[in-house]
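Below is one structure, written out as structure tokens; comments come after it.
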Amino acid sequence: MKTSFNKILYIGFLLLGLFQALFSKDYMQAGSSIGIALAFDPFDQEQKWSDRPTWQKAVLIVHLALAGLLLGYAIGWNSK
């Protein structure tokens, strides 16, 4: 896949997840969409994790934490 196509899918799933969280209040779907966005790494996929700049690692780790937080919230505190 081309990097630009991955960036489009990454941003699309990220925006979909934010919409689901903020407007639909569907935190399980939001966490899933944001988690799926991680599959479309917007950075250079040929670059090893250890060779990536620290800011790229931080972006991906914060992104993963956000997905986990939304899923944890949906499962734990928002269950009906």
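The values are calculated or read from the model by the stated rules, or taken from the named source; none is laboratory data. This structure is a prediction, so every number in the text was calculated from the model and none was measured. Here the Cβ is made from the backbone with ideal geometry for all residues, glycine too, and neighbour counts use every protein chain on show. For accessibility, only protein heavy atoms count, side chains too; no ligands or nucleic acids. Shrake-Rupley method; radii C 1.70, N 1.55, O 1.52, S 1.80 Å.
Structure values in brief
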item	result
Residues within region 32-73 that are in contact with a Gly (Cβ under 9 Å, 6 or more places away or on another chain) and β-branched (Val, Ile, Thr), tallied	2
Some residue of region 37-53 being part of a helix (DSSP H, G or I) and either in contact with a Pro (Cβ under 7 Å, 6 or more places away or on another chain) or open to solvent by less than 60 Å² (accessible area, probe 1.4 Å) (or both)	yes
Residue in region 14-24 that is touching an Asp or Glu at 6+ places or on another chain (Cβ under 9 Å) and closer than 27 Å to GLY76 by Cβ present	yes
Selection status of ILE75, among the hydrophobic types (A, V, I, L, M, F, W, C), surrounded by fewer than 13 Cβ atoms within 10 Å (Cβ to Cβ) and touching a residue at least 40 places away in the same chain (Cβ under 8 Å)	yes
